[in-house]
């Protein structure tokens, strides 16, 4: 069964995320990713656009290593330290996901992440493979 976006008539329409995705496969739970490069160095200190782009690149690396693609991500949880970062996250989501293939998403503003230099962290759930 290919992924199917759930669009309930009883709810508002969405832009940049889906209310729900239904897809067969093996669930892969991706730990929260932050803006560290392969050397463990922070990318984009103080720059939300650079950080969120690195975070999505990290998510992509994990899902590919697990045998999938960004299309297999069905849910993200976004943690930011300032509500003002929402447009940068939305822009990055549009860059890294195909239109109409946005995962279900939760967006949270928190007082701090693991270190003060982290502005964003995103965890994800992917459904990889088709068991039907």
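Taking the Cα atoms of the range 54-132, the ratio Rg/Rh between the radius of gyration and the Kirkwood radius comes to 0.99.
For helix 48-65, report the angle its Cα long axis makes with the longest principal axis of the Cα atoms of the chain; keep it between 0 and 90° and round to the nearest 10°. Rounded to the nearest ten degrees, it is 50. Neighbour counts of other Cβ atoms within 10 Å put 74, 110, 38 in the fewest-to-most order 38, 110, 74.
Only helices enter the 222 nm calculation for the chain: every DSSP H run of n ≥ 4 contributes -39,500 (n - 2.57), and dividing by all residues gives -7000 deg cm²/dmol, rounded to 500. For the chain, the spherically averaged projection of the C-alpha convex hull amounts to 8.2 nm².
Counting only alpha carbon atoms, the long axis of helix 86-96 and the longest principal axis of the chain meet at about 60°.
When DSSP beta bridges are restricted to pairs lying wholly in the chain, around 70% turn out antiparallel.
Just so you know, all these numbers are worked out from the coordinates, no wet-lab data involved. Worth saying up front: this structure is predicted, and the values here are computed from it rather than measured. In this analysis, Cβ positions are derived from the backbone assuming ideal geometry, glycine residues included, and neighbour counts consider all displayed protein chains.
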